[in-house]
Amino acid sequence: MRKKITQLLMIAFFAIGANSIQAQSTVMVGGEKMFPMKNIIENAINSKDHTTLVAAVKAAGLVETLQGAGPFTVFAPTNAAFNKLPEGTVATLLKPENKQMLTQVLTYHVVAGKMDSKAIMKAIKKGNGMAELKTVSGGVLVAKMNGEKNITITDEKGNSSNISLYDVYQSNGVIHVIDSVVLPK
């Protein structure tokens, strides 16, 4: 009997501990919890701040890819970031005849591998103040520190975007929320 009580207490302890760890590792994005055991798409579709990005990913046919094993590092522009683009840009990109261009823009926001903020900062330090991040589209993003704890991402056209929310861990990578869309050459 004593052995069963001990086993039940251990099960309860581990269950409470697991729930506590899960609660601590969730991050709020777009008013919703992002769960680290879900993949990039499963989480992104719940963010009210990323409806434009999700629509673009669907239009480009990248849903299955971003649900894959990865790992991926995604620099995810918010709806407000897309709104900074010239009027009509998003509507034009979402047209079926522009699928290839849309795919190039979206995959420019993705780096193969899981680069959390510590890994990016380490790469910046190793690169004497900057790190070149090769994107899935074949382009390059440049990461630099902008202050003690802020990373700025610069695209090939010289436009910069700040990471506004770091390290949103996913089962297949990590998302960093950015405040501007980055564009390839």
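Look at (1) open to solvent by less than 20 Å² (accessible area, probe 1.4 Å); (2) within 14 Å of the chain's Cα centre (by Cα); (3) modelled with pLDDT under 95 and you find that V105 fails only one, number (2). Just one of (1) open to solvent by 30 Å² or more (accessible area, probe 1.4 Å); (2) among the polar types (S, T, N, Q); (3) part of a loop (DSSP other than H, G, I, E, B); (4) touching a strand residue (DSSP E or B) at 6+ places or on another chain (Cβ under 9 Å) fails for S180. It is (1).
Anything in the stretch 142-155 that is closer than 15 Å to A119 by Cα, modelled with pLDDT of 90 or more and not polar (S, T, N, Q)? List them, or say none. Answer for the stretch 142-155, where residues must be closer than 15 Å to A119 by Cα, modelled with pLDDT of 90 or more and not polar (S, T, N, Q): V142, A143, K144, M145, I151, I153. Restricted to helices (runs of 4 or more DSSP H) entirely inside the stretch 1-79, those with at least 2 residues that are at pLDDT below 80 and surrounded by fewer than 16 Cβ atoms within 10 Å (Cβ to Cβ) are 2-25.
Whenever a residue of the stretch 163-185 is farther than 19 Å from E42 by Cα, its partners that are open to solvent by 20 Å² or more (accessible area, probe 1.4 Å) and basic (K, R), lying with C-beta atoms within less than 9 angstrom and at least six residues away or across chains, give the pairs D179/K84; S180/K84; V181/K84; V182/K157; L183/K157; P184/K157; K185/K157.
Residue by residue, here is whether (1) among the basic types (K, R); (2) under 17 Å from L53 (Cβ atoms) holds:
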position	(1), (2)
G113	no, no
K118	yes, no
M121	no, no
V142	no, no
K149	yes, no
L165	no, yes
V168	no, yes
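Applying the condition of being of a type in the set (A, V, I, L, M, F, W, C) and out of contact with any strand residue (DSSP E or B) (no Cβ under 6 Å at 6 or more places or on another chain) to the stretch 108-140 and asking which residue is least open to solvent (accessible area, probe 1.4 Å) yields A119.
The values are calculated or read from the model by the stated rules, or taken from the named source; none is laboratory data. This one's a predicted model, so the numbers in the text were calculated from it and none came from an experiment. Positions of Cβ are generated from backbone atoms using ideal geometry, with glycine treated the same way; all protein chains shown enter the neighbour counts. When the accessible area is computed, the model is the full protein with side chains, heavy atoms only, and any ligands, DNA or RNA have been set aside. Shrake-Rupley method; radii C 1.70, N 1.55, O 1.52, S 1.80 Å.
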